[in-house]
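Asks: I'd like to ask you about the structure that follows.
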Amino acid sequence: METLLAGYRRFRAEVWPGQRAGYEALAQAGQSPVAAVIACADSRLDPAVIFDAAPGQLFCIRNVANLVPPYAPDAAYHGTSAALEFAVRGLGVRHLVVLGHAQCGGVRALMQGAGPLTDFLRPWMSIAEPARERALACSDPTVEPLTACEHEIVRLSLQNLRTFPWISESVADGRLALHGAYYGIASGVLEVMGPEENFSPY
């Protein structure tokens, strides 16, 4: 905890004074991010850092393996779906970005087994079973199965986004655009998904 508090003290002394006016404006006017990013909870990945975004520019939705579940309004708890509804219907974001990444622990658990992580991780990652099957069926020898699955989860999450009626309607009338991207932690390279669902370095 002391490490975190030391970081806060540096922020308050060195960063806050120069950004105070911006934070005060956000507090008074509220947030109006242009994009929501569905990213992994991995501690090595920070969407705001990758996109060099200022506070208030990105609405970040983070979970294990940047998964979007299918639309399923019921009495269960749906943290990711609730955040999506708030971003799209409440804040009116114009872009939804699914951001996958290399060396994803959730994908490794899906492909190699979750071990003792059975209470929540295994059921959560079962959402990505179609991605696992497609990755294992990949015939490209230059793509490792884990990488193929990480790419496939981005594609699957984008497909699942379209099952939300208020997302598909907003896409259809041009109020919202969906995007896929993939970040290499070691390389620092961002790959963007094109219209043919292929990933190319940006």
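Throughout, read-outs are computed from the coordinates displayed, never taken from laboratory work. Remember, it's a predicted structure, so these values are computed and weren't measured experimentally. Here Cβ is always computed from backbone atoms with ideal geometry, including for glycine, and neighbour counts include all displayed protein chains.
Asks: Does at least one position in the range 53-65 carry a residue that is in contact (Cβ under 8 Å) with a residue 60 or more places away in the chain and more than 13 Å from the chain's Cα centre (by Cα)?
Replies: Within the range 53-65, the first condition is being in contact (Cβ under 8 Å) with a residue 60 or more places away in the chain, and the residues that meet it are 63-65.
Restricting the remaining residues to those that are more than 13 Å from the chain's Cα centre (by Cα) gives none.
No, the range 53-65 contains no residue that is in contact (Cβ under 8 Å) with a residue 60 or more places away in the chain and more than 13 Å from the chain's Cα centre (by Cα).
Asks: Residues that are touching a residue at least 12 places away in the same chain (Cβ under 8 Å) and farther than 25 Å from Ser43 by Cα: which helices (runs of 4 or more DSSP H) entirely in the range 74-165 hold 2 or more of them?
Replies: Working: elements: 79-85, 105-112, 121-125, 129-136, 145-161.
Result: 129-136.
Asks: Can you tell me which condition Ser43 does not meet? The list is (1) in a loop (DSSP other than H, G, I, E, B); (2) surrounded by 11 or more Cβ atoms within 10 Å (Cβ to Cβ), and all the others hold.
Replies: (2)
Asks: Quick check, is Val68 touching a residue at least 24 places away in the same chain (Cβ under 8 Å) and in contact with a Leu (Cβ under 7 Å, 6 or more places away or on another chain)? Reasoning before the result, please.
Replies: On the way: touching a residue at least 24 places away in the same chain (Cβ under 8 Å): yes; in contact with a Leu (Cβ under 7 Å, 6 or more places away or on another chain): yes.
Judged against the criteria, Val68 is a match.
Asks: Okay, moving on. Which of the residues that make up the range 64-79 are within 12 Å of Trp124 (Cβ to Cβ) and of a type in the set (Ser, Thr, Tyr)?
Replies: If the condition is that a residue be within 12 Å of Trp124 (Cβ to Cβ) and of a type in the set (Ser, Thr, Tyr), then Tyr77 is the only one that fits.
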